[in-house]
Structure formats: C-alpha cells, structure tokens
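The values are calculated or read from the model by the stated rules, or taken from the named source; none is laboratory data. Fair warning: this is a prediction, and the values are worked out from it, not measured in the lab. Methodologically, a virtual Cβ is constructed for each residue, glycine included, from the backbone with ideal geometry; neighbour enumeration extends over all protein chains shown. Each accessible area value is taken on the protein alone, full model and side chains, heavy atoms only, with ligands, DNA and RNA left out. Shrake-Rupley method; radii C 1.70, N 1.55, O 1.52, S 1.80 Å.
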Amino acid sequence: MSTEPATPGMEEKPRRPSVWQAFSQPAAWTMCLLGFSSGLPFLLVAGTLAYWLKERGVELKEITMIASAGMFYAFKFVWAPLLDHWKLPLFRRLGQRRGWLLFSQLVVAGGLLAMAALTPAALGPFIVATLVVAFFGATQDIAVDAYRIEIASVEAQGALVATYALGYRIGLLAAGALALILADHVSWSWVYVAMALGMSLPILTTLLAREPEVIRQAPRNWGEAMREAVIDPFTDFFRRYGWLLAGVTLAFILLFKIPEQATIGGVMSPFYRDMGFSKTEIGTITKIYGIWIGIVGVFIGGAAVARWGAWRTLGATIVLCGASNLLYLLVIMYPGNLLVLTLVISGENLTLGILGPPTVAFLSSLVNRQHTATQYALLSSLVNLPGKLLGFFAGGIATATGYGTYFVITVIAVLPATALFLYLWPHYRAEERARGAG
C-alpha cells in the first residue's frame, strides 16, 4: 500500500453518506408513519368530505365552501410560533415536539369520531367538527416539520423528506381511495370511524419516538418572547433579501402553485360524479393508481433536483403542472371514459409529484435556521394560499362558467408566476451555482 503523501490539489473527496444508512435509520421510518398521520386528515376535510356532502344533497357552492376547511393549512404560520415557544401543560413530560404531536393527533382522531357521530344531518355542529379536524391537522403538520428538522442533521434530511412523502401518500391513499371504496359498502359514518382508528399507529409512533435534543433558552421577559416568537421570523426574511427581492420572491411563492391547488379542493369530487364515474372508479383511478403515479413523480423530481438543481427544475415543472390542467377538457369531451380518465390522471399526478421536491428544496433554501419552524410554516402556507382561495370560490365559478372554463382559468393563472420566475432567474440561479448545484 502506498504511503506517499497526497499530491497538492488532489485531496481526497469527502466520502458521501451511505444511502442505506440514511434510509434505514429509525428517524426515517418514524417520519414515514408521521407522514401517514399528516396525509390522513387532509382529504377527509376536503375532497373525500365533498362526496359525503353531495350524497346528502348539499349544493355545490356550499360543498366547496365547507370543503375549504383545509384552508387552515394555508394559515398555519399564524400559530406556528406557539409550537416553538410554549409547552402544553398536560404533555410536558413528552417534550415540546412530541407533546404537540400527540395532542394534535388525539384531537384529530376525536374530531373524526365527532364527524361520524354528527353526520351532515346536523350540518352546523358537523361543520364545527370539520374545522376542528382541519385546524389540528394543520397544527400536526407544523409539529411534524419542526420535529423532522430537529431530529437529524442536515445531511440526513433528504431521506427523512422522502420517507415522509411516502407515508403522506399512503395516508392520502387511505383517506381517498380506501374511503371511497368503503363508502360503496358501508355508511360514511363508519368510514370516518375507520379513519379515526387509523390514527392509532401514528399515536403509538409518537409515544415511542425520541424527543429532539434541542436546548431552548427561555426569554427574559414577555416583550422579548413576543419579539423572538412573532416579529423576528417575519422581519428576518426582508433583512436578508432586501425589500424588492423579498417582495418579488413572495409574490412568486403566492402564485406558482395556483393551478395545482385549484384542482385539489371540493370542486373535483362533484366534477368526477357529474362526468358519470362511480365512486369505486374514481377511487381506483384517481386515488389508488394516481397516488402511485404521484410517488413516481416525486422520485423523478428528486432526481431532477440532484441533477439540475431546485431552481431550474422548479421553473420547468410549474409550466408542466399548470398545462396539465388542460387535460381535464378531455374528460369533459369523453365523459365516463375510464381510459381517458386514466390518461388524464397519469399526466396530472406525475407532474404534481415532480413539482414536490423542487418546491420543498426551494422553500428550504430561503429559511434562516434560527427561525426554521416558523419561517418554513409561513412559506409553505403562503405557497398554497391563493390556490385554496380560488378553490373556495371554485363551485361558484364552475357553476357560472362551466367546468371547462374553470380549468382554463387555472392554466392562465400560471402565466404571472412564469414572468416572475424569469425576473428572479439571475439571482437564484447564481445562488444555486454558489452552492454547487446544477
């Protein structure tokens, strides 16, 4: 074996972390189960709920408004500082992160049981239970993101995000396809009871998981606590980027996911039914098949980010994702055609899956590690807000203009985001080169 010193300029490259170790670490599979816990309630207060409401004769306009309870996910940054700076009295022994996780999971399960017991026959209390599930589902998301960031090193985050995404998709599969298929054989109340029981495994996971080892210094007074929790995370972004660049970046964040979010809300469930598809057909194609196509897209998106960087991948994908909404015009042209629906869902879910990794990577690159949880909650909420607002009015727009015009509107909405992307290209492409990506 040679003992000669390394030639200057030919230093040995750092050894890359083992992929097997990254994905086999306990934290990775903890995140998979927590991902399932996050995905499960999301559709149960949005898309899946819309089927139940439609079968009870609720008008389309009211369905889309009720199913917009998921809008809480777009505003979770408002109470995110609470999870960073306050321990729940009855859950202190679990720690800050696990305490909030367990509390949120228990309330989500209880809220689903309340929805099952009340049913839309008692519409007022039923809506209250739906809002409770949506609010604490969003709270759980904040806690999971913070837990993921604190439980492992930066180098291990890729594996944690991947396993979380897998668990999240399985949660969507259960709340979407499985729930729809079950609803063809049992009442919707029993479907929601089954979904509440599905929260048992994540609850057990939270109890067995370890609390992140993070030392938090208590603020000296109330004023300092308010500044650190509420003011600093919001002003820091503008200090680092300047008002013009920060403002344009935020405008881009607000706009680029409108086409995706506009086809996730309550309008899609009535659309599929109005096109003549059964619940089993919808569940099988849009949920079971579509979920796995989306997972394929996630891996393609991750590979694209590794090869070309987040910024270039994001630019190409927002155009593809926006244009994919035009595929729904084929469903209108060929109502009840399962082959057409399969092709449309293939195109849409694949592009949506590809969009995920560059979105997470780009938002993560904007975060200051001193305010990770709150800033990430803020940015991830803003990226979904306008699309959810459009989804709130989707029923009224589709009723007034027709489904076809609604889908065209969602595609046109990608044009402003594309213009802002081109404006921001020099800055973020330079940042990406500086980090050695692409």
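One way to sum up the overall shape of region 38-113 is the equivalent ellipsoid from its Cα gyration tensor, whose semi-axes run 31, 14, 8 Å, largest first. The tail of the calculated P(r) for region 77-185 beyond 17 Å holds 65 percent of all Cα-Cα pairs.
The phi-based Karplus calculation (6.51 cos²θ - 1.76 cosθ + 1.60; θ = phi - 60°) puts the 3J(HN,Hα) values of region 328-333 at 5, 5, 5, 5, 5, 6 Hz, whole numbers, x for Gly and Pro.
For GluC sites (Glu not before Pro), the sites in region 48-110 that DSSP calls loop and that have at most 14 other Cβ atoms within 10 Å are E59.
Summed over all non-identical Cα pairs, the Kirkwood treatment of region 89-142 gives a radius of 11.6 Å.
With Cα atoms defining each centre, region 74-143 and region 291-349 are spaced 32 Å apart in the structure. Non-local lysine pairs in the chain, meaning eight or more places apart or on different chains, with alpha-carbon distances under 14 Å, amount to 4.
Computed with a 1.4 Å probe on the full set of protein chains, the accessible area for H427 sits at about 70 Å². For the pair L123 and L208, label points projected 7 Å from Cα toward Cβ lie 4.4 nm apart. Comparing mean-square fluctuations of S200, S104, S38 from a GNM of the chain with C-alpha springs under 10 Å, the top value falls on S200. Packing here is the average count of other Cβ atoms within 10 Å per residue, and on that basis the peptides 87-93, 330-336, highest first, run 330-336, 87-93.
Helices of the chain meeting both criteria, an alpha-carbon length of 30 angstrom or more along the long axis and an average Kyte-Doolittle score not below -1.0, with helices taken as full DSSP H segments, are 96-118, 123-151, 338-366.
Between E431 and L82, 0.36 nm times their residue separation minus their Cα-Cα distance comes to what? Net length gain for the segment: 122.4 nm.
The simple spin-label model puts a point 7 Å past each Cα toward its Cβ; for R93 and A251 those points are separated by 5.4 nm.
What the Cβ-Cβ distance of V296 and T401 gives, at R0 = 30 Å and to the nearest 0.05, is a FRET efficiency of 0.35. Accessible area per residue for the chain, computed on protein heavy atoms with a 1.4 Å probe, is 45 Å². Taking only protein heavy atoms and a 1.4 Å probe, the accessible area of the chain is 68% carbon and sulfur. Values (1) -0.26, -0.46, -0.72, -1.41; (2) -0.33, -0.60, -0.93, -1.32; (3) -0.25, -0.44, -0.68, -1.28 are given for comparison; log10 I(q)/I(0) by the Debye sum over Cα atoms at q = 0.06, 0.08, 0.10, 0.14 Å⁻¹, derived from the coordinates here, is the one labelled (1). Which one, L320, L131, L245, has the greatest fluctuation when you compute a Gaussian network model over the chain with C-alpha springs under 10 angstrom? In the Gaussian network model the winner is L245.
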